[in-house]
Amino acid sequence: MLDTPRIITLPRPLQNQLDGFARSLLQPDHSFDFATPPLEPALVSPESVSWRIFKNPVSVFIGGVAAVLLEFGEPRVRDGVWQHSSFRTDPLTRLQRTGLAAMVTIYGARSKAEAMIAGVVRRHDRVTGRTQEGEAYHANDPALLDWVQATAGFGFTQAYHAYVRHLTKGERSALFTESFPIARLYGATGAPASQAELDSLFDAMKPRLVASPIVFEFLEIMRRAPILPAPARPMQKVLLKAAVAILPSWVQERLGLRERWSLNPVEHAFVRAAAQAGDRLILPSSPAVQSCRRLGLPDDYLYRR
């Protein structure tokens, strides 16, 4: 039997303010309704580990940044994104679209999620070019898709594990099982299906990962972008440091991140407190809660222990 939910209760005005901010960040135009169609399942079950991990906005942000840093270490992925997106000119909109896509993949009704993924695949099929080093790339190259899926899985899992709570071996194994069918929809047919396969892929990618000024440009854009409310914006750099901290040490060294973006003990304690609070605060407008309502589940379903 599940234990009593350990939920943070805030004064209603503050709760409403945080809920509104989260909604405006992810869906400023209210373009996606996670509460419909009623009772339609998602690609992943609400009993899954994925549903519990992706409800946490703090660890999801940190994990997403870590995933991008790993992706940008690979020149073909790096330039495929940098040459074909609006990230440099309109970073907030790009972040909103990317964050919404991740939420739809986990929580959205199956028919809507499959349609969204199919649209992403079609758009990626037009993304081709050459890296700064002269190497050809195609966004739907299965090898690149496998790396992108692997980095996303690593980032979100490791951020939750490092800053929210320890994930057991069984939970980590479940995450691979849950993500593999989704990876195939994106075309990542060789995405890692176990920790051993993930470790093997990281080893195989070591010769491919290189430092680039784009990595630091990305971090500076993320530091300055109006993601958090103005009074809290200095904390964005701390969250970025937290993302760097969960990367394998050899990746930090290879990308030149260790000295300039290291997380000190005080910052680490702050991130852990924020991430653990994020795991206990129910935001009614969040995709997680709205999707629970779609399935007839209580708002606190994912917050029970």
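Nothing in this text is a laboratory measurement; each read-out follows from the coordinates by a stated rule. Every value quoted in this text rests on a predicted model; they were computed, and no experiment measured them. Cβ placement follows ideal geometry from the backbone for every residue including glycine, while neighbour counts extend to all protein chains displayed.
Nearest 10 degrees, 0 to 90: what angle lies between the long axis of helix 213-224 and the longest principal axis of the chain (Cα atoms)?
30 degrees
Mind checking the full-extension length gain between residue 233 and residue 115? Use 0.36 nm per residue of separation minus the Cα-Cα distance, one decimal, nm. Walk me through the intermediate numbers first.
Working: separation 118, 0.36 × 118 = 42.48 nm, distance 3.48 nm.
Net length gain for the segment: 39.0 nm.
Sorted by packing (mean other beta-carbon atoms within 10 Å per residue), highest first, where do 229-239, 59-69, 8-18 land?
Per-residue Cβ counts within 10 Å, averaged per peptide and sorted highest first, yield 59-69, 229-239, 8-18.
Using the number of other C-beta atoms within 10 angstrom as an exposure proxy, rank 241, 112, 55 with the fewest first.
112, 241, 55
Got the relative contact order for the chain handy, in percent, Cα pairs under 8 Å and 6 or more residues apart? Can you show the working numbers first?
Numbers: 403 pairs, mean separation 101.2, N = 305.
33 percent.
Cα axis of helix 169-186 to longest principal axis of the chain: angle in degrees, 0 to 90, nearest 10?
70 degrees
Which residue, chosen from 209, 236, 138, occupies the Cα position most advanced towards the positive end of the dipole of region 42-279, where the dipole is computed from +1 (Lys, Arg) and -1 (Asp, Glu) charges on Cβ about the Cα centre?
236
Pairs 55/241; 55/169; 112/241; 55/237: which are spaced more than 26 Å apart, C-alpha to C-alpha? Mind dumping the intermediate values first?
Numbers: 55/241 21 Å; 55/169 20 Å; 112/241 34 Å; 55/237 22 Å.
Pairs exceeding the cut-off: 112/241.
Among 82, 147, rank each residue by its count of other Cβ atoms within 10 Å, from fewest to most, as a rough exposure measure.
The fewest-first ordering by Cβ neighbours comes to 82, 147.
Rounded to the nearest 0.05, what FRET efficiency is calculated for residue 132 and residue 9 with R0 set to 51 Å and r the Cβ-Cβ distance?
About 0.50, to the nearest 0.05.
Please compute the length gained on full extension between residue 92 and residue 269, using 0.36 nm multiplied by the number of residues separating them and subtracting their Cα-Cα distance.
Net length gain for the segment: 61.0 nm.
Stick to the Cα atoms of region 58-174, pair each with every other, and give me the Kirkwood hydrodynamic radius in Å at one decimal.
15.4 Å
Can you work out the FRET efficiency for the pair residue 143 and residue 16, with r the C-beta to C-beta distance and R0 = 35 Å, to the nearest 0.05?
That gives a FRET efficiency of 0.15.
Determine, from the Cβ-Cβ distance of residue 85 and residue 47 and an R0 of 41 Å, the FRET efficiency 1/(1 + (r/R0)^6), rounded to the nearest 0.05.
So, using R0 = 41 Å, E works out to roughly 0.70.
Please determine, in degrees from 0 to 90 and to the nearest 10, the orientation of helix 142-163 with respect to the longest principal axis defined by the Cα atoms of the chain, where the helix direction is its Cα long axis.
With both axes taken from Cα atoms, the answer is about 50 degrees.
I want the local charge near residue 191. Using Cβ-Cβ distances under 9 Å, sum +1 for each Lys or Arg and -1 for each Asp or Glu among the other residues.
Every neighbour counted, the sum reads -1.
Given the options 161, 276, 192, identify the residue whose Cα lies farthest towards the positive end of the charge dipole of the chain (+1 on Cβ of Lys, Arg; -1 on Cβ of Asp, Glu).
Of the candidates, 276 comes out farthest on the positive side.
Can you compute the modelled spin-label distance between residue 166 and residue 24, with each label point 7 Å from Cα toward Cβ, in nm?
4.1 nm
How much length is gained on full extension from residue 200 to residue 173, taking 0.36 nm per residue of separation minus their Cα-Cα distance?
So the extension gain works out to 8.2 nm.
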